[in-house]
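Okay, so here's the structure we're looking at.
The values are calculated or read from the model by the stated rules, or taken from the named source; none is laboratory data. Computed from a prediction, not measured in an experiment: that's the story for all the values here. Ideal geometry is used to build each Cβ from the backbone, glycine not excepted, and the neighbour counts take in all protein chains shown. Only protein heavy atoms, including side chains, enter the accessible area calculation; ligands, DNA and RNA are left aside. Shrake-Rupley method; radii C 1.70, N 1.55, O 1.52, S 1.80 Å.
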Amino acid sequence: MSTDAGSTSVVSAGQPRDGMPLMVLVPGTNMNAAVALDMVAGLARTGAVAALDVPGQPGLSAEYRPRRARLPWYGHWLSQALQQVASGPAIVIGHSLGAAIALAAQSPHIVGRLLLSPGGLMPLAVPVPLLRATVPWMVRPGLPRTTRLLGQMSAPGRPVPSHLAEWMTLVGETCRSTLAPRPLPAPVLARSRAVPCTVAVGAHDIFLPHTRLVPAAQRLLGTEPHVLDDAGHLLLDNAPHSVIDLAGSLQAHG
């Protein structure tokens, strides 16, 4: 698929159902459709799904990323992508950076948003334990260091999926990671309230502590976030069944 941001890779799954919106998955930083195939398969059991590789992130889309005004640029990209993958209404499911992109997009196709561990609402926290795990991974990535880093992003005691550890090791060896998305301007967030919005955050999210995210989402989006127990920042892996249920609820009312 061609966009102003360059080529965009799309993974499609599931069958369209009458009156049901298309679900469009937008992964977060350093992630892509291939890493989220289990989630795509789960969502596809309830309808049609299109998972996009975000340009400038590791994956099959174009490698260019802008140095400035990234979220408006990404919002424009997603709006263009929706025009091509969605023939009717769509629900955008965005994780982390993908959630910020979902909020930045203006498209008549969007009838709902599911924002998972959402960037774009507040600055991400970077506590000392996370820094201690991140710096060694950036300097010399390897499976043990990657697993330690991903463990910081998961709920305590939850094992890190092997496919995710292998992928992030490859990312560390071959790519330059982007910074966290900045909070979106108030007018952009106010505009996004025109369609239903569901927010979910892990009870153990190290980047977005729920004690701060919940009031931010209430104030900026007018919605009461779901705090998912036994989950950290990696909701697609830590709480897949909850994510699928939330998406199904939005889809049923889309």
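Here are some notes:
- The numbered conditions (1) crowded, with 23+ Cβ neighbours inside 10 Å; (2) of a type outside the set (Asp, Glu); (3) at pLDDT 95 or above are all true for GLN251 except (3).
- Matching residues in the range 164-191 - criterion: being within 18 Å of the chain's Cα centre (by Cα) and open to solvent by 60 Å² or more (accessible area, probe 1.4 Å): LEU179, ARG182, PRO183
- Hits in the range 203-254 (condition: in a loop (DSSP other than H, G, I, E, B), among the β-branched types (Val, Ile, Thr) and closer than 27 Å to PRO161 by Cβ): ILE206
- Applying the criterion of being under 18 Å from PRO215 (Cα atoms) and part of a loop (DSSP other than H, G, I, E, B) to the residues of the range 179-195, the residue that is modelled with the lowest pLDDT is ARG182.
- Matching entry among LEU179, LEU130, LEU143 (being within 15 Å of PHE207 (Cβ to Cβ) and without any contact (Cβ under 8 Å) to a residue 40 or more places away in the chain): LEU179
- Test: VAL171 is touching a Ser or Thr at 6+ places or on another chain (Cβ under 8 Å) and either free of Cβ contacts under 8 Å to residues at least 60 places away in the same chain or assigned to a helix (DSSP H, G or I) (or both): yes
- Number of residues in the range 1-31 that are open to solvent by less than 60 Å² (accessible area, probe 1.4 Å), outside any loop (DSSP other than H, G, I, E, B) and among the polar types (S, T, N, Q) equals 1.
- Failed condition for LEU208, given (1) open to solvent by 60 Å² or more (accessible area, probe 1.4 Å); (2) within 23 Å of LEU43 (Cβ to Cβ); (3) touching a strand residue (DSSP E or B) at 6+ places or on another chain (Cβ under 8 Å); (4) of a type outside the set (Gly, Ala, Ser): (1)
- For the range 211-228, the set of residues classified as open to solvent by 30 Å² or more (accessible area, probe 1.4 Å) and free of Cβ contacts under 8 Å to residues at least 60 places away in the same chain consists of THR211, PRO215, GLN218, ARG219, GLY222, GLU224, HIS226, VAL227, listed by residue number.
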